[in-house]
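Student: My questions will all concern the structure given below.
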Amino acid sequence: MNNISSPHEQNVAHYYDTQTKPFYLDYWDEDDIHFGLFEPGETVDDLKVAIKRMTKTIAEPLKITQTDFVVDAGCGIGATAFDLINWYGCSVMGLTVSNYQVDMARSSATESGLQNKAKFEWADCSVHLPLDDNSVDAIISIESICHFSNRPVFFSECHRILKPGGYLAISDYTAQNSISTEDYETFIQPVCDAWFYPDLETGESHTKLLCNAGFDVLESVDFGESVLENAKILQQSYLIFLFQEAAGQKFPKDVKLWKRELKTKMDAWLKRHFTIYRLLARKNN
């Protein structure tokens, strides 16, 4: 029996158990459920390329080799793990709080012949990472830490399982560093309520958490305009939902939830209160 640490994590698990396919895979991308990194002039037609560019940009500083063992914390249905294996030849363990995602990832690994390189396990990353001390060469986490209710424990666990000199690379949804309390309540709190985030860090607070866990933070980068096209895609999807709904089209029962999610994030993002940060950290002892 999986032990989930809090009602919040239970809600996150239920959300991804029930919404991974009908929302993310059907309406965003059939493999990856994270945002893209766009180059100037690219649009929604370039989303797949932008998504893979995001994965590559987060992964490259990890300096992964074919002998490395990598952990993907918040692995979705395994797309990032498969990319890392195909690009670098490493072995990967993906961790997620969603049993549905574990099952999908394991099935995909078998279908693609990567079951010996890719392993997927259930884990509540806010409590414990199911690996031995000093056993992991690198950790990647893409747009997942925002869901974790105890980030200090997560970063402490990352430090514990990494080998000395091992790297941790993350990208995460954040509020802007300079956001006011009023703007946080107006724009960010609705995002947290709709998308099952306990709250959102800033780039600066993420850096502080990593340092407190014993990491040296080597890079902290706001993707800024390079990820803004994602917000425009959300806005486009939201407007399409409204148009089709007004025209009498029938949607799955969860469409009201999806519309709420899309609106909160696009509003905060387009007004520049929401962004995505990339951070690279290293364990030195």
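The values are calculated or read from the model by the stated rules, or taken from the named source; none is laboratory data. All values reported here derive from a predicted model rather than from experimental measurement. Positions of Cβ are backbone-derived with ideal geometry, glycine not excepted, and every protein chain shown enters the neighbour counts. Just the protein is used for accessible areas: all its heavy atoms, side chains included, with ligands, DNA and RNA removed. Shrake-Rupley method; radii C 1.70, N 1.55, O 1.52, S 1.80 Å.
Student: Kindly write out, for region 167-174 in residue order, the coupling ³J(HN,Hα) from the Karplus curve 6.51 cos²θ - 1.76 cosθ + 1.60 (θ = phi - 60°), rounded to whole Hz, with x marking Gly and Pro.
Tutor: Going residue by residue, I get 9, 10, 10, 10, 10, 8, 5, 9 Hz, with x marking Gly and Pro.
Student: Continuing with the same structure: When only C-alpha pairs under 8 Å and at least 6 residues apart count, what is the relative contact order of region 20-166, in percent?
Tutor: This gives 21 percent for region 20-166.
Student: Considering only DSSP beta bridges where both residues belong to region 127-285, give the percentage that are antiparallel (nearest 5).
Tutor: Approximately 70 percent, going by the DSSP bridge assignments.
Student: Also: What residues of region 168-192 lie in the reach of a label at residue 221, counting those whose backbone N is under 13 Å from a point 7 Å from the Cα along Cα→Cβ?
Tutor: 169-172
Student: What are the lysines whose alpha-carbon lies under 21 Å from the alpha-carbon of residue 271, with same-chain residues fewer than 8 places away excluded?
Tutor: Candidates past the 8-residue exclusion: 232, 259, 263.
Student: Heavy atoms only, probe 1.4 angstrom, no DNA, RNA or ligands counted: give me 181, 96 ranked by accessible area, highest first.
Tutor: 181, 96
Student: Is the shape of region 148-285 best called rounded, prolate or oblate, per the rule: a/c under 1.5 gives rounded, else a/b larger than b/c gives prolate, else oblate, with a ≥ b ≥ c the square roots of the Cα gyration tensor eigenvalues?
Tutor: prolate
Student: Rounded, prolate or oblate: which fits region 1-139 when a ≥ b ≥ c are the square roots of the eigenvalues of the alpha-carbon gyration tensor, with rounded for a/c under 1.5 and prolate only if a/b beats b/c?
Tutor: Oblate shape, in that a/c is at least 1.5 and b/c is the bigger or equal ratio.
Student: Determine Rg/Rh for region 79-199; Rg is computed over alpha-carbon atoms and Rh is the Kirkwood hydrodynamic estimate from the same atoms.
Tutor: Rounded to two decimals, Rg/Rh equals 1.02.
Student: Quick one: what are the phi-derived ³J(HN,Hα) couplings along region 146-160, Karplus 6.51/-1.76/1.60 with θ = phi - 60°, whole Hz, x for glycine and proline?
Tutor: Each residue of region 146-160 in turn: 4, 7, 6, 7, 10, 5, x, 5, 4, 5, 5, 5, 4, 4, 5 Hz.
Student: Right, something else. Could you give the length gained by full extension between residue 177 and residue 67, i.e. 0.36 nm per residue of separation minus their alpha carbon distance, to one decimal place?
Tutor: Length gained, residue 177 through residue 67: 35.8 nm.
Student: Also: Quick check on region 5-68: take the gyration tensor over C-alpha atoms, sort the square-rooted eigenvalues as a ≥ b ≥ c, and tell me if it's rounded (a/c under 1.5), prolate or oblate.
Tutor: Oblate, since a/c reaches 1.5 and b/c is not below a/b.
Student: For residue 202, list long-range residues whose amide hydrogen, built 1.01 Å from N in the peptide plane, is under 5 Å from its own amide hydrogen.
Tutor: The list, which skips near neighbours in sequence, is 175.
Student: Provide the per-residue ³J(HN,Hα) series for region 103-117, in order, calculated from phi with Karplus coefficients 6.51, -1.76, 1.60 and θ = phi - 60°, each as a whole number of Hz, with x at glycine and proline positions.
Tutor: 4, 5, 5, 5, 5, 5, 4, 5, 4, 8, x, 9, 5, 7, 9
Student: For the chain, what is the accessible area per residue in Å², given a 1.4 Å probe and the full set of protein chains?
Tutor: Each residue of the chain exposes 44 Å² on average to a 1.4 Å probe.
Student: Quick check: the distance between the Cα centres of region 52-121 and region 190-265, to the nearest angstrom?
Tutor: 23
Student: Expressed as an acute angle from 0 to 90° and rounded to the nearest 10, what is the orientation of the C-alpha long axis of helix 203-212 relative to the principal long axis of the chain?
Tutor: It is inclined by approximately 20 degrees.
Student: How far apart, in nm, are two points set 7 Å out from the Cα along the Cα-to-Cβ line at residue 46 and at residue 249?
Tutor: 2.6
Student: Of the candidates 11, 116, 86, which one comes out as most mobile in a Gaussian network treatment of the chain with C-alpha springs shorter than 10 Å?
Tutor: Of 11, 116, 86, the Gaussian network model singles out 116 as fluctuating most.
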